[in-house]
Amino acid sequence: MGMKAKKSMMKKAKKGSSQLTASVRKEEAADFLPLAGGPARKLPIVENSENKASVLYIGRIPHGFYENEMEAFFKQFGEIKRIRIARNRKTGKSKHFGFLEFASPEVEHNPPYIFNYIFLFISWKTEDIIFFYLQVAKIVAETMHNYLLFEHLLQVQIIPPERVHPKLWKGVNRFYKPSDWVQIERKRQNKERTFEEHRKLVDGILKRDQKRRKKIEAAGIDYECPEIVGSNEPAPKKIRFED
C-alpha cells in the first residue's frame, strides 16, 4: 500500500469520526433552543403539575367564629366561593370543623404583595409589567395553620381535588334553624291521650314501682313505699253524650 492510499484512508477515518461526534452533539443539544437560528426540535409539552387544590379543611374552630366571620376573615386571601361548617342536626351547634373553597386556585396580584410565597413568575417585556401568580390554598394553609385564635390553634390543611367528596357541599347555602326541643317535648308530654294510651302509661309506672319495692326489700331496708295516687282512673261525674 502506497503513501497516497494511507493518507486517503486516514482522511476518511477522521471525516467519519467528526460526523459521528457532530451527530452526538446534535442529539444532546436538540432539547435546547438555540440562541440564534440553527436546527432544533420543539420542546415536549409538559403539563403543569402545580397543585390546583382550592378546598381547605379548617379544624378547632372556636365559638363565635362562624360562616359570616370566616368569610370576612379569609376573603383577604382571595375570593371565596363557599363555606360550610359542620353542625349538629338536633341542636344546630358547631362541631368545630368546616370546609372553605376559593373561587380560583390561583390569584393574580400586582407587586408589592404582603406575602413572600411566589410560585410562578412571568414577565412580559413588551408591556414591562410583572405579575405574581400565587396558590391561594397553599398560602392560607401555610399562613393560618396553628394560628392562635380565641385560645384555639386553627388546623388548616389542603384537601386534594381527588379527595373532595361529591356531597361535601350538600346544603351549603341552606340556613339551619335549630329545633326547639323543649317545646317539642312539652307538647309530647302534655298531649291528650286515649284510654289505651293512659292505661299503658299507668301500667309502666306500676311495673317500675314493683321493681323498686323488691330491690328495697332485698337490701333489708324496712321502708313502706307510699301508694301511687291516680293509678285508677276515677269515674266521671258527668256523662257526656255525643250529638
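The values are calculated or read from the model by the stated rules, or taken from the named source; none is laboratory data. Please read all numbers here as calculations on a predicted model, not as lab measurements. Glycine gets a Cβ as well: all are built from the backbone with ideal geometry, and neighbour counts include every protein chain shown.
Below, the figures for the structure above:
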{"item": "Unmet criterion (only one of (1) modelled with pLDDT of 90 or more; (2) of a type in the set (A, V, I, L, M); (3) surrounded by 11 or more Cβ atoms within 10 Å (Cβ to Cβ)) for ILE228", "result": "(1)"}
{"item": "Residue within segment 180-196 that is part of a loop (DSSP other than H, G, I, E, B), surrounded by fewer than 10 Cβ atoms within 10 Å (Cβ to Cβ) and among the hydrophobic types (A, V, I, L, M, F, W, C) present", "result": "no"}
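A quick yes/no check of all residues on (1) at pLDDT below 50; (2) in a strand (DSSP E or B); (3) in contact with a Ser or Thr (Cβ under 6 Å, 6 or more places away or on another chain):
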residue: PHE115; (1), (2), (3): yes, no, no
residue: ILE122; (1), (2), (3): yes, yes, no
residue: GLU127; (1), (2), (3): yes, no, no
residue: PHE132; (1), (2), (3): yes, yes, no
residue: ILE139; (1), (2), (3): no, no, no
residue: GLN157; (1), (2), (3): no, yes, no
residue: GLY171; (1), (2), (3): no, no, no
residue: ARG174; (1), (2), (3): no, no, no
